[in-house]
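The values are calculated or read from the model by the stated rules, or taken from the named source; none is laboratory data. Bear in mind that the values here come from a model prediction, so they are computed numbers and not experimental data. Note: ideal-geometry Cβ built from the backbone for every residue, glycine included; neighbour counts use all protein chains shown. These accessible areas exclude ligands, DNA and RNA; they are computed on the full protein's heavy atoms, side chains included. Shrake-Rupley method; radii C 1.70, N 1.55, O 1.52, S 1.80 Å.
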Amino acid sequence: MSTDETPRQVFRSCLYVPGHHPDRIARAYDTETDAVILDLEDAVPPPEKARAREIVAEAVTTPAAKPTYVRVNPVSSGLCEDDIRAVAGAGLAGLRVAKVSSSEEVRLVAGVLDELGHPGRIHVLIESAEALEHAYELATASERVTMVGLGESDLRADLNTTNEGPTMDSARARVIVAARAAGLPNPIQSVYAEPRDLRGLLVTSRHGRRLGFLGRMAIHPAQIPIIHDVYTPTTNEIDDALEVFAAADLAATESRSIAITAQGKMVGPPALARARQVLELATALDLIAEARTGTTPSPRDTGSNGGSS
């Protein structure tokens, strides 16, 4: 488990930008997205791969206005290592590694970053049934791994199933459990591939939050307000969390083992844990001036759970 002291980064939204479109890259930093993902993989046609690598390398040469990740091509493509060496600039927060199939691939990516002396984090994209079977192993393959997530388009094809239904939900739940078991933050939900269908985005994002996702990938700036609305703690949620901690503090000062909120709800460890999560997120988003979140170490990073993933 990492002892990384870097302040927790909360990404409710991460906007994918094709790496071969410098104009779109420039505009991405003017949007409300919490983080930017420059894509060298699925969003880039094969003839444009080399040009995209050059454009993205230039974009991350200096520190960026928003946390910036690069989705590199799979290790199996033969392009991954050259991608990493090209984009390991001062503006790179980390890598999203597409179509990871083994822990050895994760360690290979980590080894290249080690060689380059770059502090970049690694996000592992699980896009096959075989990789899903090894989700926990992939999540713990390197101390640099701070997120695991699903590449749902490829996974859905591999499973021969529909986008919404019990099979994909079981895969989503599987990766959430693996992430938490590995001590990582809850993953970020995969993209909604129909940018004009904002109603569909809303419905599926609400479903994703109920499943346990922490935010969502976007492929168009118009999707970001809905994603933020769904994945930002409400005023009532924040007030309830503060009340839970107030009740726990009062019980402690009175040497009582049982805490009861002003609304008459009993407070136990699960309620405290949930309240702590809400207050950590609310504090990181500057929704409250100060929140007592206890001394439990927070997960390593919520930096982007997505393009096609």
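Within the range 210-249, which residues are touching a strand residue (DSSP E or B) at 6+ places or on another chain (Cβ under 7 Å) and either open to solvent by 80 Å² or more (accessible area, probe 1.4 Å) or in a loop (DSSP other than H, G, I, E, B) (or both)? If the condition is that a residue be touching a strand residue (DSSP E or B) at 6+ places or on another chain (Cβ under 7 Å) and either open to solvent by 80 Å² or more (accessible area, probe 1.4 Å) or in a loop (DSSP other than H, G, I, E, B) (or both), then F213, G215, I219 are the ones that fit. Taking each residue of the range 22-38 that is within 17 Å of L95 (Cβ to Cβ) and looking for partners that are crowded, with 24+ Cβ neighbours inside 10 Å and among the basic types (K, R) with beta-carbon atoms closer than 8 Å, six or more apart or interchain, yields I37/R71; I37/R96; L38/R71. On inspection, R71 fails the criterion of being surrounded by fewer than 23 Cβ atoms within 10 Å (Cβ to Cβ), assigned by the TED database to the domain that holds V112 and basic (K, R). In the range 127-142 there is no residue matching the filter, namely being in the same structural domain as S190 (by the TED database) and in a strand (DSSP E or B).
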